[in-house]
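Down below is the structure, laid out as structure tokens.
Coordinate-derived values only; no laboratory data. Everything quoted here is computed from the prediction, not taken from an experiment. We place every Cβ from the backbone using ideal geometry, glycine too, and count neighbours over all the protein chains shown.
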Amino acid sequence: MRYLHLDRITTLDPPRVAKGVKCVSLADDVFADHFPGHPILPGALIIEGLAQLAGVLLEATLRLRGKENLHALLVTIDRARFRRRVRPGEKMDLQAEVLTAQAEGGQARVTAFVEGEIAAEAELGFAFTVVRSPKILTARREALNVWLSGSAEEI
């Protein structure tokens, strides 16, 4: 099962910034247990959505430098702060800014907003691994195309 916590990438401007959106739905599986009758999006899933956006930004930054087929792996979460609850029916605006990007890894400052108010923020560290599997490369390309254009077809 795949867990994508990013619905759309609205801005991808490597090596600077990426912005995206996650619409939180009561239909999300997590709300069956977190918490019944009082649904709150877990902070770990907010960070996961931010990490997915930051990973795409860092991978795009390295592609600009001729480094193809890299996959960003989240390895550190620093200075994470959760400022407000995120509930079903709310839209999170996500933002990632590159702090560093090198062949061995990178860092990004990430922020999630709800209605203009900071919901969460952190600094995330990533390591890069080379992806050689054509099946995985195709699946990653399809996910990126959906995030950027709403379709799995090449943009």
Fill in: Degrees, to the nearest 10: 134-149 long Cα axis against longest axis of the chain
60 degrees
Worksheet item: Applying the Karplus parametrisation 6.51 cos²θ - 1.76 cosθ + 1.60 with θ = phi - 60° to the phi angles of the stretch 95-111, what ³J(HN,Hα) value in whole Hz is obtained for each residue in order, glycine and proline being reported as x?
Response: 9, 10, 10, 5, 9, 9, 8, 10, 4, 8, x, x, 9, 9, 8, 10, 9
Worksheet entry | Charge-dipole axis of the chain as Lys and Arg at +1 and Asp and Glu at -1 on Cβ define it, positive-most pick from Ala27, Ile46, Ser133 | Ser133
Worksheet item: What does the helix-only formula give at 222 nm for the chain: each DSSP H stretch with n ≥ 4 adding -39500 (n - 2.57), the total divided by the residues, and the result rounded to the nearest 500 deg cm²/dmol?
Response: -8500 deg cm²/dmol
